[in-house]
Amino acid sequence: MTGISTRTVRALGTMERGTLAPPVYTSSTFAQPPAGGENAFCYQRGGNPTRSAAEKVLAALEGAAHAFCFVSGMAATRAILDLLDAGEELILGIPIYGGTYRYALEVLPEYGVQTTYLDDLNALSDADFAGRNVKMVFLESPTNPTLRINDIARIAEVAHRNGALVAVDNTFLSPYLQLPLQLGADLVVQSATKYLAGSGDLMGGVVTTDQEALAERIHFAQKCSGAVLAPIESYRLAQAVKTLPIRMDRQQSAMLQVVEAISGHPSIEKLWTPGSESEQEREVQERQARGPGAVFSLQLVPGADVDAFLASLETISFAVSLGHMESLVCIPALQTHDAFIPEHLEKVAVSPRLLRFAIGLEDPEDLIADLVQALDGVQTEG
Ligand SMILES: *Cc1c(COP(=O)(O)O)cnc(C)c1O
């Protein structure tokens, strides 16, 4: 098999009239040939050539058999979680993306699906399935926002032995750095809004799988919900994904430079990068991923004036999201994870002094200078 960049860039080959960028087909409907003939496309929600092109590029990127593009990451996540029927149970690894958590907490119970929240999936065992009807384990690695590492292969082995599917949200690392399907996951979801699009002006989501039966169910969910990616967004995503490897390389190396420059700063109580929590997690991370990605988190010292710190940043924007061209910082406890009930928030150690940074494409030296001046200026109250 060719390398990931070649595979992704060349996924569509040369199209009609020598076209190398995918054509945008905006038609809502497709004229059907008279009786007996066949047109692969009928109506835009069910499928259109530009969305198919984006799905082909995304499948190539991941080396997956099937990819399905949705209008947002949450629409894609929902297509996976909606595979659960009334009476079936979900195990959700926490911490996890706030929107996924909110859906499990507020919406799934209305469909008769109960969720168990586990803050250490690496300890998952047969006992977690005993006497219950668990049909899916849903997780992230690294987790959001404390970048804990879940051993995907081991979790998949335990889940499969107990008849449950494994779904992984791979948004933080992207297929360039981690391939959950090859580690044993049945389904992968990503918010394309983040690294896949990479530009900070496109919202989308994608589900991938190697299994025919699951692909049929996801395609059915896509058609039923109607939460499909539009043709122009599909075109933009197909093109954007081709530069993912170079963007990710650059953002990842900048993240490592920034972390090195600020680690040990007296205003920082704790600093997290993927695998930094323990020797065991570092070993798993190095085994299952090709790199740490471009997100890190830090906790300011007790009493630090977080608002003043954020206000003193000049280059880095105070905004949720990640994978954009602009470097961003957010307060997960108050923003992305505000749906968490206090008991869960405490369990996963997400304090309001914890800040999550997503490094963008600015010059690393400028990001370092900005962060260092802001950290130098941290005042502690009392
Ligand atoms: C942003 C995000 C999502 C949701 O994606 P949207 O495109 O915003 O709907 C899901 N998971 C993770 C890890 C995310 O960062």
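The values are calculated or read from the model by the stated rules, or taken from the named source; none is laboratory data. Keep in mind that what you see is a predicted model, and the values were worked out from it rather than measured. A quick note on method: Cβ atoms are made from the backbone with ideal geometry, for glycine too, and the neighbour counts reach across all protein chains shown. We work out accessible area using only protein heavy atoms, side chains counted, and drop any ligands, DNA or RNA first. Shrake-Rupley method; radii C 1.70, N 1.55, O 1.52, S 1.80 Å.
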Pick out which of 245, 34, 292 has the largest mean-square fluctuation in a Gaussian network model of the chain, springs linking Cα atoms closer than 10 Å. 34
Taking GluC sites (Glu not before Pro) in a DSSP loop with at most 16 other Cβ atoms within 10 angstrom as exposed, one finds the longest site-free stretch of the chain at 39-313
Tell me, what is the percent relative contact order of the range 65-138, built from C-alpha pairs under 8 Å that lie six or more residues apart? 41
Mean separation of Cα pairs under 8 Å and 6+ residues apart, divided by the residue count of the chain: what relative contact order is that in percent? 18
Could you point to the residue in 373, 23, 358 farthest towards the positive end of the chain's charge dipole, with +1 and -1 charges on the Cβ of Lys/Arg and Asp/Glu respectively? 23
The Kirkwood hydrodynamic radius of the range 62-182, taken as the inverse of the mean 1/r over all distinct Cα pairs, in Å, comes to 14.7
Where the range 136-214 is the region considered: accessible area per residue in Å², 1.4 Å probe: 23
Could you please state, rounded to a whole Å, how far the C-alpha centre of the range 182-244 is from the C-alpha centre of the range 50-123? 12
Those lysines that a straight Cα-Cα span of less than 23 Å connects to residue 270, excepting residues fewer than 8 apart in one chain: 347
Where nothing but the Cβ of Lys and Arg (+1) and of Asp and Glu (-1) is charged, how large is the charge dipole of the range 277-382 around its Cα centre, in debye to the nearest 20? 380
Counting alpha carbon pairs within less than 8 Å and at least 6 residues apart, what relative contact order, in whole percent, applies to the range 1-155? 18
How long are the three semi-axes of the equivalent ellipsoid for the range 143-196, computed from the Cα gyration tensor as the root of 5 times each eigenvalue, in whole Å, largest first? 21, 12, 9
At 0.890 mPa s and 25 °C, Stokes diffusion of the chain via Kirkwood alpha-carbon radius, µm² per second: 114
Along the charge dipole of the chain, which of 44, 309, 64 sits closest to the positive end, that is, farthest toward it, with unit charges on the beta carbon of Lys, Arg, Asp and Glu (+1, +1, -1, -1)? 44
Based on Cβ point charges of +1 for Lys and Arg and -1 for Asp and Glu, what charge dipole magnitude is obtained for the range 208-326 about its Cα centre, in debye rounded to the nearest 20? 520
What is the percent carbon and sulfur in the accessible area of the chain, measuring with a 1.4 Å probe over the protein chains and ignoring ligands? 52
Taking the dipole about the Cα centre of the chain, with the C-beta of Lys and Arg at +1 and of Asp and Glu at -1, give me whichever of 114, 199, 235 is farthest to the positive side. 235
Ratio to report: Rg/Rh of the range 300-382, with Cα atoms as the point set and Rh obtained by the Kirkwood method; give two decimals. 0.99
Compactness summary of the range 8-91: radius of gyration and Dmax from Cα atoms, Å, are 16.5, 53
Just the Cα atoms of the range 291-337, one point each, no solvent: what log10 I(q)/I(0) does Debye give at q = 0.23 Å⁻¹? -0.99
If the reach is capped at under 19 angstrom between alpha carbons, list the aspartates and glutamates near residue 194, excluding any in the same chain fewer than eight residues apart. 55, 62, 140, 169, 233, 249, 326, 362
At 222 nm, what value in deg cm²/dmol follows for the chain if DSSP H runs of at least 4 each add -39500 (n - 2.57) and the sum is divided by all its residues, to the nearest 500? -10000 deg cm²/dmol
Viscosity 1.002 mPa s, temperature 20 °C, Stokes-Einstein D of the range 177-244 from Kirkwood C-alpha radius, µm²/s: 164
Dipole of the chain, Cα-centred, from +1 at each Lys and Arg C-beta and -1 at each Asp and Glu C-beta, to the nearest 20 debye? 1380
